Amino acid sequence: NKFVEVKKLRKVYDNGHEAIKNVSFSVKKGDLVCLLGPSGCGKTTILNMIAGLLNPSSGEILFGGKSVVEVAPKDRQIGYVFQNYALYPHMTVLQNVMFPLIVGKNKKAKADAQKIAEKYMSLTQITELAEQKPGNLSGGQQQRVAIARALVQEPQILLMDEPLSNLDARLRLKIREEIRALVKTVGITTLFVTHDQEEALSIGDKIILFNDGVIQQDDLGENFYLD
Ligand code: ADP
Ligand code: ADP
């Protein structure tokens with residue numbers, strides 16, 4: 001039941017900086033795993049390699065026992081929520097959420113795409129915002145749009161990079177519980193990047209603590225200890 005496996009992963013950037021040094025871990029199907037660590041420790045680098053946006057210098061990433069290099073990026077079934085949400089400013093909320101379904105090789109008829117988009121907009125509680133443009137939305141609302149857009153393709157893995165960092169403290173507490181409830185409802189395997197210990201402890205089934213490109217601790221939430 002190791003759904004995602006990362007084996008002896010290493011990343012040296014073109015400028016010679018070794019951002020990831022011999023990192024190995026695994027993620028069980030359906031788990032919400034937090035990658036925790038200070039800014040600059042390599043969390044985004046790992047997500048980008050898992051997403052296929054960046055090539056490892058060495059090591060291996062497996063999905064369901066299959067090396068990702070054997071799976072074309074478009075077939076990897078990964079949803080990615082970026083730190084800045086990366087919504088399309090000229091499109092409405094509905095158009096943003098539908099977008100992954102109406103482009104590319106496996107595109108759907110518009111009516112079908114809209115139906116699926118509406119399902120995930122309902123789950124993320126943004127139905128009433130359908131005709132708004134992202135510029136008119138609060139940070140928390142934009143974040144929900146980004147999550148709905150990541151989920152419409154019904155990916156097997158959801159990657160979230162500091163998804164709460166643009167929100168105020170009170171909203172962070174509320175939305176992190178909603179994210180946990182949502183990913184458990186959908187049943188999607190999730191990697192959630194954060195620098196906030198308390199946040200990781202409150203929502204992670206498992207927490208992997210990084211520092212300077214290496215894993216310092218990898219434990220179930222209830223076993224995780226703090227120095
Ligand atoms: P985190 O997500 O934990 O903040 P990153 O993965 O973004 O960390 O970065 C890890 C380290 O690699 C940092 O020291 C960062 O400056 C460096 N880094 C990130 N991207 C590049 C790049 N493209 N080229 C060189 N160094 C990079
Ligand atoms: P890959 O080998 O997988 O193509 P690269 O090492 O080329 O990855 O880095 C990806 C991109 O990040 C490059 O286009 C590079 O220009 C950019 N980059 C370089 N240095 C940094 C840095 N310190 N922080 C963020 N991005 C950087």
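The selection criterion, being away from ligand 2 (no atom under 16 Å from the Cβ), within 18 Å of residue 147 (Cα to Cα) and of a type in the set (S, T, N, Q), holds for residue 92. Looking only at the stretch 10-23, residues that are open to solvent by less than 60 Å² (accessible area, probe 1.4 Å) and either farther than 12 Å from residue 57 by Cβ or away from ligand 1 (no atom under 15 Å from the Cβ) (or both) come to 0 in all. For residue 106, the requirement of being open to solvent by 80 Å² or more (accessible area, probe 1.4 Å) and under 26 Å from residue 31 (Cβ atoms) is not met. If I ask for residues that are crowded, with 20+ Cβ neighbours inside 10 Å and not in a strand (DSSP E or B), which ones from the stretch 204-227 would you list? Correct list: 204, 213.
Tallying residues that are without any contact (Cβ under 8 Å) to a residue 12 or more places away in the chain and either on the phi > 0 side of the Ramachandran plot or open to solvent by less than 50 Å² (accessible area, probe 1.4 Å) (or both) within the stretch 179-195 yields 0. Taking the conditions exactly as written (within 16 Å of ligand 2 (Cβ to nearest atom) and of a type in the set (Gly, Ala, Ser)), does residue 52 satisfy them or not? It is true that residue 52 is within 16 Å of ligand 2 (Cβ to nearest atom) and of a type in the set (Gly, Ala, Ser).
More than 16 Å from ligand 2 (Cβ to nearest atom), part of a loop (DSSP other than H, G, I, E, B), within 19 Å of the chain's Cα centre (by Cα) and surrounded by 15 or more Cβ atoms within 10 Å (Cβ to Cβ) - does that describe any residue in the stretch 2-9? No, every residue in the stretch 2-9 fails to be more than 16 Å from ligand 2 (Cβ to nearest atom), part of a loop (DSSP other than H, G, I, E, B), within 19 Å of the chain's Cα centre (by Cα) and surrounded by 15 or more Cβ atoms within 10 Å (Cβ to Cβ). Against the test of being of a type outside the set (Ser, Thr, Tyr), under 17 Å from the mean Cα position of the chain (by Cα) and crowded, with 20+ Cβ neighbours inside 10 Å, the options 143, 77, 83 yield a single qualifying residue, 143.
The values are calculated or read from the model by the stated rules, or taken from the named source; none is laboratory data. Owing to the predicted nature of the structure, the values given are computational and were not obtained by experimental measurement. Glycine gets a Cβ as well: all are built from the backbone with ideal geometry, and neighbour counts include every protein chain shown. Only protein heavy atoms, including side chains, enter the accessible area calculation; ligands, DNA and RNA are left aside. Shrake-Rupley method; radii C 1.70, N 1.55, O 1.52, S 1.80 Å.
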